Amino acid sequence: MLDIKFIRENKDIVAAGAKKKGIKIDIDTLIALDDKRRALQLEIDQKRAEQNAASDTIASAKSDVERKAVIVQMQALKENLKVQEEALQEILKEWRVLMVQVPNVPDMSVPDGESDADNKEVRRWSPASGDGGDTPKFDFEPKTHSELLLAHDMADYERGAKVAGFRGYFLKNDGARLVWALERLVEDRFMNREGFTPMIVPSMARREPFVGTGYLPQSEEDLYKTQDGDYLAGTAEVAAMGYYADETLEKKDLPVKFFAFSPCFRREAGSHGKDTKGIFRIHEFVKYEQVVLCESSHEESVKLHEEITGNAEALLQELKLPYRVVVNCGGDLGLGQVKKYDIEAWMPSEGKYRETHSSSYFHDFQTRRLNIRYRDDSPDGQGHGTLRYVHSLNNTALAMPRILCQIVENYQRADGDIEIPEVLRAYMGKDVIKSNR
RNA sequence: GGAGGGUUCGCAUAGUGGUCUAGUGCGCACGCUUGGAAAGCGUGUGUGUCGCAAGGCACCGAGGGUUCGAAUCCCUCACCCUCCGCCA
């Protein structure tokens with residue numbers, strides 16, 4: 001949610017931002033409606049002032065006659081007031097519908113474009129050549145992750161579908177053990193990093209935090225919903241952001257950094273036919289997410305955005321997976337996002353980089369909806385500072401089992417064996433996953 | 001699943017239809033006092049919104065209703081606590 005004042009004062013910027021994101025919204029209609037809202041609110045306030053004054057008169061009236069006269073007057077006023085209040089309710093209803101549709105304004109550095117095809121590469125890394133790394137070459141035809149997992153009895157999709165339906169899966173043997181090894185790796189790395197609070201957060205949550213984070217009402221069809229009206233979250237961001245909803249934080253405690261774990265559920269509506277083989281795109285997975293709240297400053301947001309992006313890159317570098325970072329174009333940004341980097345790791349079987357991490361910042365778009373504030377230092381060093389909305393950011397730390405796709409494909413050998421990344425060997429207790437020759 | 005109690009200005013409490021635009025205590029801020037501190041005394045002490053300002057309006061868990069007027073009465077919901085039942 002943007003501040004209506006900001007929208008009124010910067011309607012051209014807001015309109016241009018929406019256009020860049022490819023979102024249709026008529027700002028003039030919203031402002032015209034807001035004019036009505038303001039005018040009506042003023043009239044109602046004046047009537048209420050009259051009513052409040054009369055109330056004192058009635059209470060202190062010397063005679064019943066006097067009292068009666070004012071009451072009759074107020075009865076008439078009340079009828080009038082009621083009509084206006086109902087009119088205001090109608091306007092507010094419409095106003096809110098429009099307000100939650102207004103997207104946040106993308107950063108200047110976000111490239112124009114319609115879809116992920118228009119995202120711009122920022123940098124590349126590969127274990128062979130480091131920065132500016134080339135895409136790796138195989139001297140044999142690389143198998144797909146789906147084939148590799150099956151060949152080593154690390155996954156079972158048929159029984160997955162039998163039990164859990166389309167996109168259902170079981171992970172077995174070294175497939176399951178790789179996930180557990182990765183969990184321990186990422187936990188060890190983030191617990192050695194300053195400032196992150198480890199959290200296990202709810203996956204099932206009320207509607208409010210979904211609206212607060214910007215997933216609702218726009219993406220209703222991407223979410224699973226329970227018969228009690230709760231939703232299953234596609235990311236720990238939802239619950240982690242909800243954690244401090246309606247609270248005021250201390251400036252000295254900022255930035256707040258969560259290392260949040262949760263199961264994730266995504267309906268993948270509209271992805272029919274995409275990535276149907278293997279475990280790249282599935283309905284249920286687990287993820288460690290970095291969620292950050294910081295003071296209300298663009299510079300601070302940018303600094304932390306680079307930091308949490310770097311955290312994810314460090315992990316991929318340790319795993320020695322070739323990757324690139326892209327800056328997402330306007331059309332590939334979510335409603336609330338100001339800027340987003342996707343990190344994509346190399347997928348040899350496809351000859352493409354595929355997304356493993358998504359790192360974005362929102363300014364106060366989410367926290368305005370969630371009502372998360374902090375008290376700023378007062379300008380003169382005395383008394384209270386003003387309350388401000390914190391800024392929010394998030395990035396994947398590690399999502400599983402998706403990362404297995406890139407691991408097994410990049411670490412496959414001509415003989416069919418899969419090497420285990422060096423950093424995982426201690427956790428796995430071996431160096432190689434042997435094929436069943 | 002059943003029964004009861006609760007949710008008030010940072011904290012604790014008062015408040016059962018009209019001087020409640022919410023009292024008191026604690027805390028906090030500033031000032032006085034003091035050699036310094038404590039105590040004491042005094043003043044102040046939320047958020048949002050409209051307004052150049054003076055000031056107005058809204059907010060007593062949330063949403064509705066009754067009334068000229070609601071923290072207070074009625075309804076619905078959320079959460080917390082206690083007990084009973086069930087379960088781990």
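Right, A:Glu355: free of Cβ contacts under 8 Å to residues at least 24 places away in the same chain, farther than 30 Å from A:Val100 by Cα and not in a helix (DSSP H, G or I) or not?
It is false that A:Glu355 is free of Cβ contacts under 8 Å to residues at least 24 places away in the same chain, farther than 30 Å from A:Val100 by Cα and not in a helix (DSSP H, G or I).
Looking only at segment A:104-113, decide whether some residue is hydroxyl-bearing (Ser, Thr, Tyr) and within 13 Å of RNA strand B (Cβ to nearest atom).
No, every residue in segment A:104-113 fails to be hydroxyl-bearing (Ser, Thr, Tyr) and within 13 Å of RNA strand B (Cβ to nearest atom).
Identify all residues within segment A:188-240 that are at positive phi and in contact with a helix residue (DSSP H, G or I) (Cβ under 8 Å, 6 or more places away or on another chain); write none if there are none.
A:Gly214, A:Gly229
Just one of A:Val105, A:Val110 is among the β-branched types (Val, Ile, Thr), touching a His at 6+ places or on another chain (Cβ under 9 Å) and not assigned by TED's automatic domain parsing to the domain that holds A:Asn173; which is it?
Of A:Val105, A:Val110, the one residue that is among the β-branched types (Val, Ile, Thr), touching a His at 6+ places or on another chain (Cβ under 9 Å) and not assigned by TED's automatic domain parsing to the domain that holds A:Asn173 is A:Val105.
Looking at A:Lys21, A:Lys47, which one is at pLDDT 95 or above, in contact with a Leu (Cβ under 6 Å, 6 or more places away or on another chain) and surrounded by 11 or more Cβ atoms within 10 Å (Cβ to Cβ)?
A:Lys21
In segment A:199-217, what residues are in contact with a Leu (Cβ under 8 Å, 6 or more places away or on another chain), in a loop (DSSP other than H, G, I, E, B) and either surrounded by fewer than 16 Cβ atoms within 10 Å (Cβ to Cβ) or small (Gly, Ala, Ser) (or both)?
A:Ser203, A:Gly214
Scan segment A:185-198 and give yes if some residue there is charged (D, E, K, R) and buried (at least 21 other Cβ atoms within 10 Å of the Cβ), otherwise no.
So far as segment A:185-198 goes, no, none of its residues is charged (D, E, K, R) and buried (at least 21 other Cβ atoms within 10 Å of the Cβ).
Mind listing just one residue for me: the one in segment A:52-72 that is of a type in the set (S, T, N, Q) and loosely packed, with under 14 Cβ neighbours inside 10 Å and, of those, farthest from RNA strand B (Cβ to nearest atom)?
A:Ser63
Quick grid of which residues meet (1) buried (at least 20 other Cβ atoms within 10 Å of the Cβ); (2) part of a strand (DSSP E or B); (3) modelled with pLDDT of 95 or more:
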| residue | (1), (2), (3) |
| --- | --- |
| A:Gln227 | no, no, no |
| A:Asp246 | no, no, no |
| A:Ala260 | yes, yes, yes |
| A:Pro263 | no, yes, yes |
| A:Ser271 | no, no, no |
| A:Glu289 | yes, yes, yes |
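Residue-wise test of (1) within 30 Å of A:Phe138 (Cα to Cα); (2) within 16 Å of RNA strand B (Cβ to nearest atom); (3) part of a loop (DSSP other than H, G, I, E, B).
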{"site": "A:Gly334", "(1), (2), (3)": "no, no, yes"}
{"site": "A:Ile343", "(1), (2), (3)": "yes, no, no"}
{"site": "A:Ser360", "(1), (2), (3)": "no, no, no"}
{"site": "A:Tyr374", "(1), (2), (3)": "no, yes, no"}
{"site": "A:Thr396", "(1), (2), (3)": "yes, no, no"}
{"site": "A:Glu409", "(1), (2), (3)": "yes, no, no"}
{"site": "A:Asp415", "(1), (2), (3)": "yes, no, yes"}
{"site": "A:Ala426", "(1), (2), (3)": "yes, no, no"}
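Give me the helices (runs of 4 or more DSSP H) completely within segment A:132-194, filtered to those with at least 3 residues that are in contact (Cβ under 8 Å) with a residue 24 or more places away in the chain and within 29 Å of the chain's Cα centre (by Cα), ordered by residue number.
A:173-191
Among A:Glu90, A:Glu85, A:Glu94, which is within 30 Å of A:Gly22 (Cα to Cα), within 16 Å of RNA strand B (Cβ to nearest atom), touching a helix residue (DSSP H, G or I) at 6+ places or on another chain (Cβ under 7 Å) and modelled with pLDDT under 95?
A:Glu94
Out of all the residues in segment A:306-330, which are touching a helix residue (DSSP H, G or I) at 6+ places or on another chain (Cβ under 7 Å), assigned to a helix (DSSP H, G or I) and farther than 30 Å from A:Ala414 by Cβ?
Answer for segment A:306-330, where residues must be touching a helix residue (DSSP H, G or I) at 6+ places or on another chain (Cβ under 7 Å), assigned to a helix (DSSP H, G or I) and farther than 30 Å from A:Ala414 by Cβ: just A:Gly330.
Out of the residues in segment A:10-51 meeting the condition of being within 11 Å of RNA strand B (Cβ to nearest atom) and without any contact (Cβ under 8 Å) to a residue 12 or more places away in the chain, tell me which one is nearest to A:Asp116 (Cα to Cα).
Checked segment A:10-51; the qualifying residue nearest to A:Asp116 (Cα to Cα) is A:Asp35.
With respect to A:His152, determine if the residue is of a type outside the set (Ser, Thr, Tyr) and in contact with a Cys (Cβ under 8 Å, 6 or more places away or on another chain).
No; evaluated as a whole, the condition is false for this residue.
Can you tell me which residue is farthest from A:Tyr215 (Cα to Cα) among those in segment A:99-143 that are at pLDDT 95 or above and touching a Pro at 6+ places or on another chain (Cβ under 6 Å)?
A:Pro142
Has segment A:79-102 got any residue that is under 29 Å from the mean Cα position of the chain (by Cα), surrounded by 15 or more Cβ atoms within 10 Å (Cβ to Cβ), of a type in the set (Phe, Trp, Tyr) and part of a strand (DSSP E or B)?
No; the residues of segment A:79-102 include none that is under 29 Å from the mean Cα position of the chain (by Cα), surrounded by 15 or more Cβ atoms within 10 Å (Cβ to Cβ), of a type in the set (Phe, Trp, Tyr) and part of a strand (DSSP E or B).
Yes/no per residue for (1) in contact with an Asp or Glu (Cβ under 8 Å, 6 or more places away or on another chain); (2) surrounded by 15 or more Cβ atoms within 10 Å (Cβ to Cβ):
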{"position": "A:Asp112", "(1), (2)": "yes, no"}
{"position": "A:Glu121", "(1), (2)": "no, no"}
{"position": "A:Ala128", "(1), (2)": "yes, no"}
{"position": "A:Gly133", "(1), (2)": "no, yes"}
{"position": "A:Asp139", "(1), (2)": "no, no"}
{"position": "A:Ser146", "(1), (2)": "no, yes"}
{"position": "A:Ala151", "(1), (2)": "no, yes"}
{"position": "A:Met154", "(1), (2)": "yes, yes"}
{"position": "A:Lys162", "(1), (2)": "no, no"}
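Report, by residue number, each residue of segment A:359-377 that is touching a helix residue (DSSP H, G or I) at 6+ places or on another chain (Cβ under 7 Å) and crowded, with 24+ Cβ neighbours inside 10 Å.
A:Ser359, A:Tyr361, A:His363, A:Gln366, A:Leu370, A:Tyr374
The values are calculated or read from the model by the stated rules, or taken from the named source; none is laboratory data. Since this is a predicted model, take the numbers as computed values, not measurements. Cβ: placed from backbone, ideal geometry, glycine included. Neighbour counts: every protein chain shown.
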